[in-house]
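Novice: Below is a structure I'd like to ask you about.
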Ligand SMILES: [Zn+2]
Ligand SMILES: [Zn+2]
């Protein structure tokens, strides 16, 4: 077996330098022009066949092994978030209001390091690696855009792999969960329409603010009363907007929020109950409700056989590591769009460092991680690819 652990260690300066450069120059979804340029440059330098502009700013490279074999899709995301960085790190974002607060800078660096290692060992690979650098993972539809641009065709991958640095867990921890690992995400907007009027004369209005409050309260019953307690679901109202003056009852209010589920059956129950409660309670209060539900991503569900193989490789190269098989999160990931068609495994690499205070959560302005996780991620991903295409 090729010692990708040592090779990833040797390539740490390359990996770290890339990560810090991407971190200094973060780009929002579908604007990853500089990042994609560096990705395409380094992949081209390796002699790979590179396509750019896939899903607007995505990059795809094909690495052919010496022998024919299966096609494996390996995906890394590249986008940053609209957050003002507060880490104070020497490599902090130089772009005001934009920050790599989810670790996708690390994913992109890991991807290029993996490409370098696999290219050096392509004589020992039986099959094709499709290296996918995806834009706009953070709720903007990057995966869908790449799928629409044919990332899953010519050649069509048989299996898929992806990873996420995971600051909920310390460096040294690895998460490989068979079955659902990240939840499906649905977004809702509910416009509750009443009849506005003077704040001192509510009896001649139909108050949508009070109706909105009742709707929010009633929605809490979905998870507690309609979902099997052994299943997981979240219904969160994150925004209620309506009215401006202290003495005017507005014409309408708008509620927004998110619904998270793992199981497709639970998802349809929650969506059905959501619609019924939002409309029914609004109507009972004399209002009309316009309910808009939008699917953001399906759940990320790992193929049990592929996950078992990833687990075995992780266990072989990191025998001392704590490898969890039950890490699940209500966070979501648009890798689900690729995995819907191509069975695969999405695994987590523990990256927090409590001693050095590098343990703020994902999407936090102080988010940063132990860069040792760059080596773990690269070594594990390359080893898994090697094992799948041996
Ligand atoms: Zn994120
Ligand atoms: Zn992320």
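Novice: Let me check I have the definition right: for the range 247-390, take the eigenvalues of the Cα gyration tensor, multiply each by 5, take square roots. What are those semi-axes in whole Å, largest first?
Specialist: On the way: eigenvalues 345, 92, 26 Å².
Semi-axes from the Cα gyration tensor: 42, 21, 11 Å.
Novice: Per 0.36 nm of contour for each residue apart, how much would the distance between residue 241 and residue 84 grow if the chain were fully extended, relative to their Cα-Cα spacing?
Specialist: Working: separation 157, 0.36 × 157 = 56.52 nm, distance 2.45 nm.
Here the answer is 54.1 nm.
Novice: Using alpha carbons only, how many degrees (0 to 90, rounded to 10) separate the axis of helix 33-45 from the longest principal axis of the chain?
Specialist: Helix 33-45 and the main axis of the chain meet at about 20 degrees.
Novice: From the helices alone, meaning DSSP H stretches of at least four residues, give me the mean residue ellipticity at 222 nm for the chain, per-run term -39500 (n - 2.57), in deg cm²/dmol to the nearest 500. Write out the running numbers ahead of the final one.
Specialist: Details: 10 runs with 128 residues, N = 390.
Computed mean residue ellipticity for the chain: -10500 deg cm²/dmol.
Novice: Given R₀ = 41 Å, FRET efficiency for residue 66-residue 94 by Cβ-Cβ distance, to 0.05?
Specialist: Between residue 66 and residue 94 the formula returns 0.45.
Novice: Return P(r) of the range 1-112 (all Cα-Cα pairs; 10 Å bins starting at 0; whole %; ordered from short to long distances).
Specialist: 13, 41, 32, 12, 2
Novice: Also, I was wondering about something else. Calculate the all-directions average of the projected area of the range 68-144's alpha-carbon convex hull, and give it in nm².
Specialist: Reported value for the Cα convex hull: 6.4 nm².
Novice: Can you give the angle from 0 to 90° between the axis of helix 304-317 and the longest principal axis of the chain, with both taken from C-alpha atoms, to the nearest 10?
Specialist: 50
Novice: Additional query: For the range 185-244, what is the largest minus smallest coordinate of the Cα atoms on each principal axis, given in angstrom and ordered from greatest to least?
Specialist: 47, 20, 13
Novice: Expected output is a single nm value to one decimal: the length gained when fully extending between residue 12 and residue 124, i.e. 0.36 nm times separation in residues minus the C-alpha distance. What is it?
Specialist: The span from residue 12 to residue 124 would gain 38.1 nm if fully extended.
Novice: Once the Cβ-Cβ distance between residue 322 and residue 364 is put in as r, and R0 is 22 Å, what FRET efficiency do you end up with, to the nearest 0.05?
Specialist: Once rounded, the FRET efficiency stands at 0.40.
Novice: Using the alpha-carbon centroid of each, what span in Å lies between the range 23-96 and the range 165-207?
Specialist: Answer, in whole Å: 30.
Novice: On to the next question. With all pairs of different alpha carbon atoms counted, what Kirkwood hydrodynamic radius in Å does the chain show? Intermediate results must be reported in sequence, preceding the final value.
Specialist: Values: mean 1/r = 0.0448 Å⁻¹.
Here the Kirkwood hydrodynamic radius works out to 22.3 Å.
Novice: Just need the relative contact order of the chain here, percent rounded to a whole number, with Cα pairs under 8 Å and 6+ apart.
Specialist: Numbers: 926 pairs, mean separation 94.2, N = 390.
Normalised by residue count, the contact order of the chain is 24 percent.
Novice: I would also like to ask the following. For a protection proxy built on the mean count of beta-carbon atoms within 10 angstrom, sort 315-321, 137-143, 380-386 highest first, please.
Specialist: Values: 315-321: 13.3, 137-143: 21.9, 380-386: 25.9.
Top of the packing list down: 380-386, 137-143, 315-321.
Novice: How tilted is helix 208-221 with respect to the longest principal axis of the chain? Cα atoms for both, answer in degrees (0 to 90, nearest 10).
Specialist: 50
Novice: Once you treat every alpha carbon in the range 324-390 as an equal point and sum by Debye, what is log10 I(q)/I(0) at q = 0.13 Å⁻¹?
Specialist: Scattering profile of the range 324-390, log10 relative to I(0): -0.51.
Novice: Give the Cα extents of the range 106-222 along the principal axes, in whole Å, largest first.
Specialist: Result, largest extent first: 80, 37, 25 Å.
Novice: Quick one: grab the alpha carbon gyration tensor of the range 1-57, order the square roots of its eigenvalues as a ≥ b ≥ c, and give me rounded if a/c is under 1.5, else prolate or oblate depending on whether a/b is larger than b/c.
Specialist: oblate
Novice: Assign one of three labels to the range 242-323, namely rounded, prolate or oblate, based on the Cα gyration tensor with a ≥ b ≥ c the square roots of its eigenvalues; rounded applies when a/c is under 1.5, prolate when it is not and a/b is larger than b/c, and oblate otherwise.
Specialist: prolate
Novice: If a/c stays under 1.5 just call it rounded; otherwise compare a/b with b/c (prolate if a/b is bigger, oblate if not). Do that for the range 284-365, with a ≥ b ≥ c from the square roots of the Cα gyration tensor eigenvalues.
Specialist: oblate
Quick note: the coordinates plus some simple rules give every number you see, no bench work behind them. Just so you know, these numbers come straight off a predicted model, no measurement behind them. We place every Cβ from the backbone using ideal geometry, glycine too, and count neighbours over all the protein chains shown.
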